[in-house]
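Below is one structure, written out as structure tokens, with a few remarks after it.
The values are calculated or read from the model by the stated rules, or taken from the named source; none is laboratory data. Please read all numbers here as calculations on a predicted model, not as lab measurements. Accessible surface areas use protein heavy atoms only, side chains included; no ligands, DNA or RNA. Shrake-Rupley method; radii C 1.70, N 1.55, O 1.52, S 1.80 Å.
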Amino acid sequence: MSLDFSLKKVMPVYVFENNMTHNMTPMATAAGVYDCLWHPEIYGKDGVTLAKDLIEPLQAGVRNMVINVQELKKLNPANGWGNYESFLEFVRDCRDACLLNPDAVVEVSR
């Protein structure tokens, strides 16, 4: 199972899509990005979350991940599916896509 994180502007045109294994949820929680990636609806209004709603939490998560590298690497999944480096890249890519497409609607499939 995995998390699909997508941004769309006009149905059905997606401007960004990325995917990350659920094995990274402990690291996402520790980094402070679990809610904005797995449950972005809590950041939205009237049932719609826009990319701009996630910029700050994603930016804070990237900062946290860069500062706490050693602690977060301890959360690498034992089964080898996912790791700190790939998750940091995923979070940065999601943040950058939100910055480039602030009015895009956020969708996730869990």
Could you pull out every residue, at least 5 positions away or on a different chain, whose amide H is within less than 5 Å of the one on residue 21? Hs are placed 1.01 Å off N in the peptide plane, and Pro or chain starts have none.
-> 3
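What does the convex hull of the alpha-carbon atoms of the chain project to on average, in nm²? Can you show the working numbers first?
Values: hull surface 25.3 nm².
The Cα convex hull of the chain, projected and averaged over all directions, gives 6.3 nm².
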Rounded to the nearest 10 Å², what accessible area does residue 92 show when all protein chains are kept and the probe is 1.4 Å?
-> 90 Å²
Any idea what angle helix 84-100 forms with the longest principal axis of the chain, computed on alpha-carbon atoms, 0 to 90 degrees, nearest 10?
-> 20 degrees
Just the projected area, averaged over all directions, of the convex hull on the alpha carbon atoms of segment 35-95: how many nm²?
-> 4.4 nm²
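Ignoring ligands, DNA and RNA, what percent of the 1.4 Å accessible area of the chain is carbon and sulfur? Before the final figure, lay out the partial values.
Working: 3220 of 6020 Å².
Accessible surface attributable to carbon and sulfur in the chain totals 53 percent.
Rolling a 1.4 angstrom probe over the protein heavy atoms, how many square angstrom per residue are accessible across segment 30-110?
Working: 4390 Å² over 81 residues.
Here the residues of segment 30-110 average 54 Å² of exposed surface.
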